[in-house]
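Here is the structure we will look at.
The values are calculated or read from the model by the stated rules, or taken from the named source; none is laboratory data. Because the structure is predicted, anything quoted here is derived from the model rather than measured. For neighbour counting, all protein chains shown are included, and Cβ atoms are generated from backbone atoms with ideal geometry for every residue, glycine included. These accessible areas exclude ligands, DNA and RNA; they are computed on the full protein's heavy atoms, side chains included. Shrake-Rupley method; radii C 1.70, N 1.55, O 1.52, S 1.80 Å.
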Amino acid sequence: LSTSTCQLGSHMVAAGNKGAFEKRFGETRHLMDTYVTRERKGVGGWRVEGENKVWQEWVLFIEWESWEQHFNFIKTEGFKEYGKILRLLNGHESKHAKMI
């Protein structure tokens with residue numbers, strides 16, 4: 001039985017930064033995808049519900065070999081560039097689930 005770790009990332013993007021966030025993600029996602037060794041690379045989309053929000057939530061799913069692989073990506077030169085996307089956020093939360 002093969003197991004892996006799925007990262008569920010919640011990115012709170014300020015309404016004024018939506019376009020910049022999409023552009024930055026598009027330009028740098030290859031840095032994350034290159035590091036991910038599982039078949040399911042990073043995929044995401046906008047969570048849409050409610051009215052009059054001052055932010056929008058971008059939900060990101062990534063299948064890592066393990067939590068440690070995700071943690072080690074944060075230490076890479078690639079993440080230093082990819083991680084600049086965090087400047088466009090009002091908040092970020094990352095959770096992990098074991099895929100069975």
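Summary table
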item: Angle in degrees between helix 18-35 and the longest Cα principal axis of the chain, rounded to the nearest 10; result: 10 degrees
item: Selection from Val43, Ser10, Met32, by position along the positive dipole direction of region 8-52 (Cβ); result: Met32
item: Cα pair distances exceeding 20 angstrom across the chain, given as percent; result: 37 percent
item: Assigned charges on the beta-carbon of Lys, Arg, Asp, Glu; the chain dipole about Cα centre (debye); result: 160 debye
item: Nearby lysines by direct alpha-carbon distance to Lys41 (threshold 17 angstrom, same-chain neighbours under 8 apart not counted); result: Lys95, Lys98
item: Surface share of carbon and sulfur [accessible, 1.4 angstrom probe, percent] for the chain; result: 54 percent
